[in-house]
């Protein structure tokens, strides 16, 4: 029987202390949720109304008359930062030129639409100002369904991407080194034009840590990773993918850094898995630090001794750990961990009290280093988290597993759907949860159901926190895998 949870944990570990990145009592969190709701600005209320309108969709993705996989119908476009572009942005633009030509050919000569974000734009303002498209409406000839943001989150905010992704298939390309962008584009085009199977196994690898006296990883391993593995085993005939598991401290197949690198490099004469799913802690810094850009969001592995021990380099997988000759072409990764995709400027989801503003947690918002390096080595797309990840993305209000969202994402990816479209179920779900949360918090009777409100709030925030890094139109070539 499920029990009420008195303390809520985030899936992150503080680099300096090894303590959980967040421990907050259910009572305090509920009070903060209510204070946040009551203190919303007019702009925030308007955004909620827009989401409510978008949430009225009766279908996922583009309108039924369009096929989401057909770029000639749903189109593909790019969103650049405000003009003038910086030198780094111009370098990314040059690196992306072959991809624009490639997409133009795939759209039978139709030139990809290019837009420039304007500072301060909300997603609905972008839709109207660039294409005269209203929220809840979709006209791919004016604003394409697949939209690739090319720019740092300091110039095109994470929040803009997250809300736009609620209706469209949105991804982001941004690298600390523009040469990595060029490498990604080369790998992507080569993969899409290939006639032969890449050196990948038709395999889905699930990687989940489980540490002693650590409620967060004990929950994610037992209530997310293991159930997903069991589901993939049951559905093996449907997807024709072999599930494999690196879980906890299992002697033969534990979630160790060395094991992960062995599988990613295709060691022991094994092909690399086409799909990678990870669940566990992400590295987090308590204060603004120069090390943040390199290791925040790095994946804590089973080598870490556990809570109270500051993670050392041998305890986590960061971008610097990837061998220079590693090839990940054709793979797709999904990661449940705090900051696995990137970090916002401010701690944007949790307010410790009704009077305290969210704290600045980075010098500037940034894309995590690990997915940058994986994409540069040929990973097609990385689905990860901006800000903290919450266990109520896979638990209901009673603390029982509910993994439908993750099953939907993995099922779509294994079926060969494009990455940006594969996450549409997740985006539709958090929008509907936003509408439901608005109703609950406005209803004085419903406010008494504290556990349900907390679970819904966390599930909504967790779903909203996921983003796609990479071209949203990228996908696994399941047609070539054996």
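The values are calculated or read from the model by the stated rules, or taken from the named source; none is laboratory data. Predicted, not measured: the structure shown is a model, and the values here were computed from it. No Cβ is skipped: glycine too gets one built from the backbone with ideal geometry, and neighbour counts run over all protein chains shown.
Quick notes
- Index of the failed condition, residue 143 passing every other in (1) out of contact with any helix residue (DSSP H, G or I) (no Cβ under 7 Å at 6 or more places or on another chain); (2) buried (at least 22 other Cβ atoms within 10 Å of the Cβ): (1)
- Scanning region 193-219 for residues that are out of contact with any helix residue (DSSP H, G or I) (no Cβ under 7 Å at 6 or more places or on another chain) and within 28 Å of residue 236 (Cα to Cα) returns 193, 194, 195, 196, 197, 199, 200, 201, 202, 203, 217, 218.
- Residue match in region 324-344 (condition: surrounded by fewer than 19 Cβ atoms within 10 Å (Cβ to Cβ), in a loop (DSSP other than H, G, I, E, B) and on the phi > 0 side of the Ramachandran plot): no
- Test: residue in region 458-471 that is surrounded by fewer than 24 Cβ atoms within 10 Å (Cβ to Cβ), out of contact with any helix residue (DSSP H, G or I) (no Cβ under 9 Å at 6 or more places or on another chain) and assigned to a helix (DSSP H, G or I): no
- Residue among 426, 413, 370, 437 that is at pLDDT 90 or above, touching a helix residue (DSSP H, G or I) at 6+ places or on another chain (Cβ under 7 Å) and either assigned to a strand (DSSP E or B) or within 30 Å of residue 286 (Cα to Cα) (or both): 370
- Wholly enclosed strands (runs of 3 or more DSSP E) of region 157-261 bearing at least 2 residues assigned by TED's automatic domain parsing to the domain that holds residue 405 and crowded, with 17+ Cβ neighbours inside 10 Å: 200-208, 242-247
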